[in-house]
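See structure below.
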Amino acid sequence: MDLFSLEAEKAILGALLTADVMQAVESEIEATDFSEKRNQDIYSVCKELFTEGNPIDPVMVKARLQERGEFLNAGGMGYLITMADNTPEVDRVSHYAKIVKRFSGFRQIQGWLEQQAALIHSSTANESMDEIFSRLHTTLDAIKPDTEDTALLMWLDSFAQFVLEQDKRKEELQLIAEGKMTDRATLPWRNLKYFGLDYIRPEMFMVVAADSSVGKTTFLENIAEHNAERGLNVVFFHLELSHQTMMDRRAVRWSGEKMEVVDSGVMTPAMEDANRKLQTWKGGVHYVHCPNWSIRRIVNYARMLRRKGKCDLVIIDYLQKINLFYRRGWTEENALADVGEVIKNSAEQLGMPYILGSQMNRASRQEKRRTMNGVRGSGQISEKSNVGITLDRDILDENFVTPEGIVAAVEGERSPVTSVRIDKNTMGKTGDTKLWMTGARFKFSDVDVVSLDEWMNADSEV
């Protein structure tokens, strides 16, 4: 099978030489999408003339090709006139452009496969299978075209759509309030509802940032399990912790046993009861241990699970462990901004929320109030997110004693009182609130839990 269509290429060039149609194809194809060098050169000249505001016709194209010294190699005047005289219907030029673009994609994939085959033959002795697959995923993601079928919303159409969306939104909020709608992700803490976070919108991109050991992963686990219990399929991409660690933390959280008991290998009655309870949930948390994965590999995996009906919410823990992709000339800031852009696009295209964990930078430790400006490595991530939440727990300079007189944390440890700042919220309020952190149980609870016993055993409700 030929991976080109000379007929479609000539039809485009002929249309450009005889009619004002460049605007219909300039965003669809590039010169490199043409299979023949002479067609590439002619299209490049046509686009250049259009950009300059000059007319496009055989005479103008000939003159510009001669200036470049490419006229004879491009087929001469005979080739230009032949294409102009045999032009199909010019109103189909956009259709021809799609044909050319499709074949260009085929050739690009073929070249990529040949290149990767050569690399595999030359490097199999030095690379593990995981390393080879990671490289294949990263480079394939880089050549994958970005497509969006619903990019355009016409002005007049937008008003009717807004009215429909308002009716739909009102109905959804009522169903959520009544507990009858379980396919919308929510947050487990009542304190956060004040900020308009009654539910996580389908296209939302949320960032949760904190220092190491504050409880970022626990916060994300709590969100995941809360939504799984409500019936959603949550995919939890953990780039650092192992599958076993995730299961152990879950066992502690839901059985009430200490980590030492879990580590002993004993299956206690409390752990058996917890397992039975968790298996009755209509949804679940599906763990993907993905060290060194690129963000495109992560979102492609999420997209595959979405197609299978196994993904309603994506949680990624965490940004600084993602394998960054660098285009030529990119800095780390560009690569991190790319992570945010890929996540944002995937959330909007799939209609599925993403929550990304991130560490704070060292400079933020000097600030009295943690903000999204302290997201480690890039302010670009916070700019692309819809919601930004920061967590902070002070290092105690004295023992933390509950109203009952019980020492809940000692000097030098982090306080169980967690400062939660909604620092960015495109759909509601920003501000500060508090949550309780029970470190031994990997659990956050609302601050209206007043006694230590209630606090240590509390299950937050929506």
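Values for this structure:
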| quantity | calculated |
| --- | --- |
| Counted residues, the range 33-67 - those being in a helix (DSSP H, G or I), buried (at least 17 other Cβ atoms within 10 Å of the Cβ) and polar (S, T, N, Q) | 3 |
| Residue in the range 302-346 that is farthest from THR218 (Cα to Cα), counting only those that are part of a loop (DSSP other than H, G, I, E, B) and touching a residue at least 60 places away in the same chain (Cβ under 8 Å) | ARG327 |
| The range 219-248 residues that are at positive phi, paired with ones that are of a type outside the set (Gly, Ala, Ser) and in a strand (DSSP E or B) (beta carbon under 7 Å, 6 or more apart) | none |
| In the range 219-239, the residues that are of a type in the set (D, E, K, R) and modelled with pLDDT of 95 or more | GLU221, GLU225 |
| Verdict on GLY284 being modelled with pLDDT of 90 or more, small (Gly, Ala, Ser) and under 30 Å from MET360 (Cα atoms) | yes |
| Check on PRO291, of a type outside the set (Gly, Ala, Ser), in contact (Cβ under 8 Å) with a residue 12 or more places away in the chain and surrounded by fewer than 19 Cβ atoms within 10 Å (Cβ to Cβ) | yes |
| Residue within the range 18-32 that is part of a helix (DSSP H, G or I), more than 37 Å from the chain's Cα centre (by Cα) and either at pLDDT 90 or above or more than 14 Å from ALA74 (Cβ to Cβ) (or both) present | yes |
| Residues within the range 272-305 that are in contact with a helix residue (DSSP H, G or I) (Cβ under 9 Å, 6 or more places away or on another chain) and under 30 Å from GLY256 (Cα atoms), tallied | 17 |
| Any chance GLY75 is farther than 21 Å from LYS98 by Cβ and surrounded by 17 or more Cβ atoms within 10 Å (Cβ to Cβ) | yes |
| Residues that are farther than 19 Å from PHE444 by Cα and assigned to a helix (DSSP H, G or I), drawn from the range 205-263 | HIS243, GLN244, GLU260, VAL261, VAL262, ASP263 |
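Okay, residues lined up against (1) more than 22 Å from SER382 (Cβ to Cβ); (2) surrounded by fewer than 20 Cβ atoms within 10 Å (Cβ to Cβ):
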{"residue": "VAL235", "(1), (2)": "yes, no"}
{"residue": "ARG250", "(1), (2)": "yes, no"}
{"residue": "ALA270", "(1), (2)": "yes, yes"}
{"residue": "ILE316", "(1), (2)": "no, no"}
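Each row is one residue, and each column tells you yes or no for (1) touching a helix residue (DSSP H, G or I) at 6+ places or on another chain (Cβ under 8 Å); (2) part of a helix (DSSP H, G or I); (3) at pLDDT 75 or above.
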residue	(1), (2), (3)
MET77	yes, yes, yes
THR87	yes, no, no
GLN116	yes, yes, yes
ALA142	yes, yes, no
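The values are calculated or read from the model by the stated rules, or taken from the named source; none is laboratory data. Because the structure is a prediction, the values reported are computed rather than measured. Glycine gets a Cβ as well: all are built from the backbone with ideal geometry, and neighbour counts include every protein chain shown.
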